[in-house]
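Enquirer: If you scroll down you'll find the structure; I have some questions about it.
Values in this text are rule-based calculations from the coordinates and carry no lab data. Nothing here was measured: the structure is a model prediction, and the numbers come from that model. Cβ atoms come from the backbone with ideal geometry, glycine included; neighbour counts cover every protein chain shown.
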Amino acid sequence: MKPPPFDYARCDSMDEALSLLAEHGEEARVIAGGQSLMAMLNMRLLRPSVLVDIAELDELNYINDSSGWVEIGATTTQAVLESWPGLNSRLPLVAAAIPHIGHFQTRNRGTICGSLCHADPSSELPLCLAALGGEVVLRSRRRKRVLNAKEFQVGMLTTAKQDDEIMVAARYPAAQRGFGYAFRELSRRHGDFAIVALAGVAGGGKIRLGVGGLAEAPMVREWDDHLKDEDLADALNDFAWELRGSDDIHATARYRREMVRRLGKKVIDEARRCAS
Amino acid sequence: MSLEQSSATTAKARVPYVGQRVLRVENPPLLKGRGQFIDDLPVKTGTLHAAFLRSPHAHAEIVSIDTSAARARPGVRAVVTGQDIAALTDPLIVGFATAMEYRGIAVDRVRYVGEPVAVVCASDRYLAEDALDDIRVEYRPLPAIVDPVAAAGPNAPVLHPGVGSNVLSYREFRHGDTAKAFAEAKRQHEITISYPRNSITPMEGYAVIAEHLATGGYDVYSNFQGPFSLHPVMARALRVPGSQLRHRSPANSGGSFGSKLALFPYIVVLCIAARIAGRPVKWIEDRLEHLAAASSAPNRVTRIAAAYDDAGVVGALRLTHWDDHGAYLRAPMPAPIYRMHGLSTNAYGIKNVDVFTHILVTNKCPTGAVRGFGGPQLYFAVERMMHAIAVELGLDPLEIIHRNLIPEGSFPYRTPAGALIDSGDYQRVIAETVREGKLDELKATRERARREGRLYGIGYAVAVEPSQSNMGYISMLKTGIERERAGQKDGAVACATINIDPLGAISVVGDSVPQGQGHQTALAQIVADQLGVRIEDVVVNLETDTQKDGWSIAAGNYSCRFAPAAASAVHIAAVRLREKLARIAASSLNVPADRVDFGGGKVFARDNPANAQSLHRVAGQAHWSPAGLPDGMAPGLRESVTWSAPELTATTANDEINTSLAYGFGFDFCGVEIDRETGEIRIDKYVTSHDCGTILNPGLADGQIHGSFAAAIGASLYEEFAYADDGSFLSGTFADYLVATAPEMPKLNVLHPVQSPSPFTRLGAKGIAEGNQYSTPVCLANAVADALGRSDITIPLKPARVLEWITPDEPAAARATARSETQTAQGAASMLNGKGSVVVPASPEEVWAGLLDETRLKAALPGCRELKRVGENAFKAVVFLGVGPVRGQFAADVFLCDLDEPRSAVLKGNLSGALGATSGTGHLSLTPVKEGCRLDYNYDVHVSGRVAMIAGRMLDGAARHLIGAFFRDFARTLARTLPQQAPGFSWSDRLRRLIGMKR
């Protein structure tokens, strides 16, 4: 469990980081908290030639609460967001999800944007981004662009971020008046990778359910809120089958679908209750 | 109560330390980070660091190994293969003659994922691991077998051709007249249980520093735990006398729970590596290595039948075990099954028992000791059976337990299989536990829960807890006649030395090789009591050195050996020194030696404590004035004791064996609630009580109970070394091998209602470290059985498994569309299969030609860097593949067969690389459609090695993604090479858009 050789650059400026990425392309990896990356390096699943460390770029360490959005800089850790005073009122869904992300030790180093870039299909923060319809801000030497969650989240461990880009910020839509949010996760032990994670949003006459842990990336469905219970049950069942899920040693695909059917309804109901 | 209490200096006998909750003397260095673990020890200049290349295959022949590129890398001093080891060693022997050969490293065949194949010795671990990638091994995969019952069957692939069968040993033991009891019984019941593979994983893994000396001998530092019966096994394998294999263990070892027994094969391999490299070699095992390839308890299938009457009194048991030891049997395996043999009837007065044991091999990691050592497997079967009998008769399971318990007042009690249970009062333990633990309240809780429609159950389990193993039981592998020929084995020798120096300072050495249990504290308590000094005046050093210390084959830390054996030996030595000091002091105190007492650092006349001498003055006399000692007394103050309990007798001709010296007793009950929606289990209440005889230190005892309970919660709910049917290993990290951690722990109520001292151990103490390993898994399983009214309960109790017990059927999709995805996949963990289709804008003939065309195939294979034809329809390729950033280079062998031009073909291939190995079969069919040709595919892929070990939860999705990408790329590539279509002919454009060439 020793990583293969790589060069390490601790960047003092955004320009330096972007130049290194432009120079090394797919051979470079950005590191901020390193909570997934270091384990993967030690297990030699990755073999980058350069690690570009952006952790000391203070300009990326911020939480910006603007009118409709909470924008979180690339080096802001999960622990910082967890203790941000506005979290419960502005991002109630994220507030409910954060305790499920690993353990407090990993949250002390792990970053929001790092988790989004890593794109583990079971991760909580990508699921919240998808369920809320958030955005990410990508920068390279060539350009700056903004992608919505759907455009960004391409698949398993795969995003639309180009090799020369850094995700400089994530933007989570702030809670809206009259909307309710709920989160539920099932894992074998607290802090384990989710077997199923569910994010519910209710409001504006719609109900929305995001599901992690089944498909290659978080998936979201939206329905009219006045759907009858049996129609919602059918819709959840269809959604579960579309997500399909896989068997692994912790749970069967069937169990994962079952949890979408059973807990999906509960999460939606809880979101509805919070909305009223 | 703590150390302060001991500072009294009056010459009076005070409250003995033994029995008190004395704080651990081990704690200060550990809590300050000043422990001395192997990796902290200095090494000699030039010491190399080892890294192991390990098999990605469960079963394969090694066709060739090319180490030249690895040897040429910077910093690499030697690359050692199994052939190199085989040339310089003999196989590691086991307790009976067998054609199975085991050397700790694969020689011409690999038999489990993670098996060592080569060792790189380099100037640091990083360079050593870098070089592993440059070792080229060509494997020829063989079919693997993982199911123990199937492995014993006639059609299973055989792991060791020389043996000719996967069953290395089969023995039938008959105690009493079981056949008659079954023939006459009114009732019979049979169940089959399957106990999973698990271990208890220590914080510190294996660690070895090995040196080949100029004398030809070997000098080894390791955290090997014993039993030291393995020392002769290692010396024989290394072809040196035992005196030339010096083994030392450090002051601290970071836990073991049995696992560090199985590091001895690594000692042999690394000794030879050091010899070949000409330098000392150090190896620190990492977590991936530990989980895949260190050790495991044997998994076991047991068919158990009981003959009983209408009252539920059991007349006989019949047990047939399939005990799965993985790829090799290594000494002292299969000890767990025989260690428990005498206790095949657990705590019950059952008179007749037959035991049939298959000791067998499968394509899994070899086994070793794990806390519980055969007990969890056995008692899971026996206690599930007692529960099942209660269900059959409609009685309370505790009532069935009561009706069958060994009667009070019948100790020492000889079980039919030979155990001599030394002492106990099982009825009283249960009665007091039921009362103190408030079982009646728990029953009311269950009633209430059930009335509310909740799933709530109560479970019970009893367990006899053996301690200090009889070295004789391993010869159970042999028949009575074979044993007679080979010479009997019995006893269990313990060694200890106490020294008192000229200033009266006391030091103790022993053979217990602790890994954190607090042995130093307990031994200091015993010695301080005998010699009347403060506990801090006794220094206990439990490092071992086989060239300098007293040891015998039973030395080490296993099978609850400490309290009965190590503590007894130290106690005997302390008593002898006390008697010697009393004789020395008697003349100057002018009292008879038997009227001399010890306390407050003084030796004094019992009847007149003012008549006293300091201990150091009396001790000094033995060193400074040997001539002044009583007649015939040896000079100095050093007592070395070598002790073996006479009750540990040899196996009888009829295979009865007193497998252990002392036997404690445990009784547990619990209440669990199961969530109907999710299948999750909540332990509402857990009560455990233990009678372990004299308790040396309640703090240490409770620490062991809580630790054992935590490990048992892991075994019951979470932990399993999972293997796919093809032998792929699927739980290679702590994200998949789930250890119970603090948040998972329910509240544990610990009771010690009764203390029945052992008449056979010096202090009356019995082992206590393993009790909940025995009782907790089956107690929880019985509670789940009670909650669900179900008999077939398998652990670990995963929510997905439990939910299927509650809700067997899944609702179908409401709308057909939801299920009719173009591609579906189902993965049984590492065996993945799925199907899909793509439409190619070309005729079937054109597609067919593309499949067989080197250039087009190369262009179509994603990540293909080289491709050459090596035979008719056979190709070799180098491909760069992966998902997201996880990518690696693989060597691929691909060939096409069953060709039915241009309709169908079968594509077979193997890939291997640093990330692992896969083999797969794809069925392709080509159907002409309006738009060109539809290519349907379905696949079966086996994935093995690193990726399967550490990323199992993503494998299915990754395979689907990669295979889908392969055929999409293939379709795209073909489309790109198509001749230009005539103007106005628009379907190909439409199709190109469809398959993603244009957005």
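Enquirer: When we measure straight from the Cα of B:LYS685, which lysines land under 30 angstrom away, once same-chain ones fewer than 8 places off are left out?
Expert: A:LYS266, B:LYS438, B:LYS443, B:LYS747, B:LYS766, B:LYS798
Enquirer: Once the Cα atoms of helix B:519-531 and of chain B are each reduced to a long axis, what angle between those two axes, in degrees from 0 to 90 to the nearest 10, is obtained?
Expert: Once rounded, the angle reads 0 degrees.
Enquirer: Under a straight-distance cross-link criterion of Cα-Cα below 16 Å, which lysines are reachable from B:LYS876, leaving out those fewer than 8 residues away in the same chain?
Expert: B:LYS858, B:LYS868, B:LYS908
Enquirer: Moving on to the next point. With +1 on each Lys and Arg Cβ and -1 on each Asp and Glu Cβ, how big is the dipole of region A:181-275 about its Cα centre, in debye rounded to the nearest 20?
Expert: Dipole size: approximately 300 debye.
Enquirer: Share of antiparallel DSSP beta bridges in the protein assembly as shown, in percent to the nearest 5?
Expert: 85 percent
Enquirer: How much length would be gained if the chain were fully extended between B:ASP900 and B:SER614, taking 0.36 nm per residue of separation minus their Cα-Cα distance, in nm to one decimal?
Expert: Full extension from B:ASP900 to B:SER614 adds 93.0 nm.
Enquirer: When the dipole is taken about the Cα centre of region B:75-121, and only Lys, Arg (+1) and Asp, Glu (-1) are charged at their Cβ, what size is it in debye, to the nearest 20?
Expert: Using Cβ point charges on Lys, Arg, Asp and Glu, region B:75-121 gives about 120 debye.
Enquirer: Which residue, B:GLY664, B:PRO811, B:GLY632, has the largest displacement toward the positive end of the dipole of the protein assembly as shown when charges sit on each Cβ (Lys, Arg +1; Asp, Glu -1)?
Expert: Value: B:GLY632.
Enquirer: For region A:7-53, state what percent of all Cα-Cα pairs lands in each successive 10 Å bin, counting from 0 Å until the bin that includes the largest distance.
Expert: 29, 56, 16, 0
Enquirer: Compute the distance from the alpha-carbon center of region A:58-135 to that of region B:267-345, in whole Å.
Expert: 46 Å
Enquirer: Something else now. Taking the Cα centre of the protein assembly as shown as origin and charging only Cβ (+1 Lys, Arg; -1 Asp, Glu), how large is the dipole, in debye to the nearest 20?
Expert: Here the protein assembly as shown has a charge dipole of around 800 debye.
Enquirer: Based on alpha-carbon positions alone, could you give the equivalent ellipsoid semi-axes of the protein assembly as shown from the gyration tensor, as √(5λ), descending, whole Å?
Expert: Its equivalent ellipsoid spans semi-axes of 58, 35, 33 Å.
Enquirer: On a 0 to 90° scale, report how tilted helix B:771-788 is relative to the longest principal axis of chain B, with both axes built from alpha carbons and the result rounded to the nearest 10.
Expert: Rounded to the nearest ten degrees, it is 50.
Enquirer: Still on this structure, please answer the following. Which is farthest toward the positive dipole end of region B:530-634 among B:VAL570, B:VAL603, B:ALA554, measuring Cα position about the Cα centre, with Cβ charges +1 (Lys, Arg) and -1 (Asp, Glu)?
Expert: B:VAL603
Enquirer: Related question: With everything on Cα atoms, drop me the angle between helix B:375-393 and the longest principal axis of chain B, reported from 0 to 90° to the nearest 10.
Expert: Value to nearest ten degrees: 80.
Enquirer: Just to be sure I understand: with springs between alpha-carbon atoms less than 10 Å apart, which residue in A:ALA174, A:ALA202, A:ALA235 has the highest mean-square fluctuation in the Gaussian network model of chain A?
Expert: A:ALA235
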